[in-house]
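The values are calculated or read from the model by the stated rules, or taken from the named source; none is laboratory data. Predicted model, so just to flag it, every value in this text is computed and none were measured. No Cβ is skipped: glycine too gets one built from the backbone with ideal geometry, and neighbour counts run over all protein chains shown. Areas reflect the complete protein model, heavy atoms only, side chains present, ligands, DNA and RNA absent. Shrake-Rupley method; radii C 1.70, N 1.55, O 1.52, S 1.80 Å.
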Amino acid sequence: MVRPGPISRSRLRLAAVYLAVIGVILYGAGLGMFGLLMRANWSALEREVETLAGTLHDSLKPLLPEEARPSPQLAAVLPGLCLVGDPCPSPPSLMSRHAVSVTDPERFYLRLLDPRGVLIAHSPGSPKVKAEHPGTAWTVVAGPGGERFLQYSIHLHHSHTPAQPGVNAQELDWGYLQIGRSLSGLDAERERLWWATQTIVVLALLVAGLASWWLSGLAMRPLLAAYRQQEQFTADAAHELRAPLANLLAVVEAHRTQPSADAVARDQMLAAVYGQGQRLSRLISDLLLARLDGPEAGAAMQSCSLTQIARDLLEETSEGASMAKVQLRLQGGDDDLQVLGVESELYRLVSNLLLNAIQYTPPGGEVVLRLWRVGSHGLLEVQDSGIGINPADQQRIFDRFFRSDPGRSRQQGVTGLGLSIVAAIVRRHRGRSRCARMGTPAVVSR
């Protein structure tokens, strides 16, 4: 079984974090919307019951008898209700037109109670719910089979007209009216909304999961590129270090197994060891410099003469160019071109460009170093009359360990880090480097 790599695990963790955050937001929004919808439905039920209770109260107030007890007078006022202690037949399909007939027996029930809270009349077929204290305005009661009812209680008053003429009618407490509204429809709606919310959230989470995986992939691209570059750098560095180290060990092992008293042979062995050690030292120095992504520690930017640096390096490399039968020439060196940078790094930059051009220029060729100013920028260009750069390789010449001709480069002891060091120095100086169609790369520096 292949275990996922660190990048894959990091992407999974990042996608999981994205999904968790989006999931919490979606689930919170879904629950909030569910709560708002249920609260709106509940408020609508309360308004419906309150309106019905007010209508019944106003209708019954002038008709109620003097005493709140089961009586023929109460039965005459409320023919649609059953008095306590009397038979209560099933309600007809069509109730007579009366104040009580505004209620739907499938959804509502009515109760009349005396001032002590004792039941005196109720709707036909009303569920036998547990009696609640009539002083509580709103309550939820459970009927048979677990059906729930929203019950609302209000005071009933009746109008009392005194016998003395000229005295206004009075409103006296008569008892309580309780109206129960079935919550079966609301519970069914609540169930539908709950499952609809869950379904929408789950589908949204699936889409969010795919989006999280895609977004995590976008976020991980720079890290993946850096990780692959690090792996490539490690592999290339190990490969480059292996060859000189193997040569050094082979020389030491040969002289260890076959010791020789010959001073010349010993000097040749020491020279070989020293040469391989120098090669390793140069390679390690180049590796360290090529890995730097920011300014060197303690290196302060200051004004440097790029013209003077170019002149000094042309003089220093002139001997090597003469041995290679290559002519060096400077153009634009009359004007002192000042740039802001680290002088030691700029020396390394120009030196690497010149050495690279000399190495790839055949005998009798020419290397031209040009300097000029464009606005607030300084431009440096190295052009040679060598073999040129394959167009397919021009985008890779600044990569570490890249060689357009590996066999020829290894014979000359080239590490493949020269131009990558140039690119690193240019980046640290906030410049740009590019490869022209012919010759060696050009550098644009601030």
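So who's got an amide H within less than 5 Å of the one on T139, skipping anything under 5 residues away but keeping other chains? H placed 1.01 Å off N, in plane.
Result for T139 returns Q151.
Report the extension gain between I154 and L119 in nm, rounded to one decimal, defined as 0.36 nm multiplied by the number of residues separating them, less their alpha carbon distance.
Values: separation 35, 0.36 × 35 = 12.60 nm, distance 1.41 nm.
Extending this stretch completely gives an extra 11.2 nm.
If W372, W174, W214, W138 are ordered by their accessible area, calculated over protein heavy atoms with a 1.4 Å probe, which sequence runs from highest to lowest?
W214, W372, W138, W174
Work out the FRET efficiency for R107 and S8 from their Cβ-Cβ distance, taking R0 = 45 Å, and round it to the nearest 0.05.
Values: r = 59 Å, r/R0 = 1.31.
Efficiency computed from Cβ-Cβ geometry: 0.15.
Spelling out what I want: for every residue of region 54-59, take phi, set θ = phi - 60°, compute 6.51 cos²θ - 1.76 cosθ + 1.60 (Karplus), and round to whole Hz; glycine and proline get x.
3J(HN,Hα) across region 54-59, in whole Hz: x, 5, 5, 4, 5, 6.
Could you give the nm distance between label points at V273 and L63, where each point is 7 Å from its Cα heading toward the beta carbon?
12.3
What residues qualify as long-range amide H neighbours of G175, i.e. H under 5 Å apart, gap of 5 or more or another chain, H built at 1.01 Å from N?
L156
Can you sort D335, D384 by 1.4 Å-probe accessible area, starting with the largest? Present the calculation step by step, with values, prior to reporting the outcome.
Working: D335 90, D384 25 Å².
I get D335, D384, largest accessible area first.
Ranked by accessible surface with a 1.4 Å probe, highest first, in what order do S212, S43 come? Each step should come with its number before you reach the end.
Values: S212 0, S43 30 Å².
From most accessible down to least: S43, S212.
Whose amide H sits under 5 Å from the amide H of S433, counting only residues 5 or more places off or on another chain, with H placed in the peptide plane?
Result for S433 returns V444.
How many nm separate the modelled label positions at T51 and A300, each set 7 Å beyond the Cα in the direction of the Cβ?
My value for the distance between the label points is 8.4 nm.
Under a crude label model (7 Å from the Cα following the beta-carbon direction), how far is R434 from T199 in nanometres?
5.9
With θ taken as phi - 60° and the coefficients 6.51, -1.76 and 1.60, list the Karplus ³J(HN,Hα) couplings across region 383-388 in order, rounded to whole Hz; mark glycine and proline as x.
Karplus-based 3J(HN,Hα) across region 383-388 equals 10, 10, 9, x, 6, x Hz.
To the nearest 10 square angstrom, how much accessible area does F398 have with a 1.4 angstrom probe?
40
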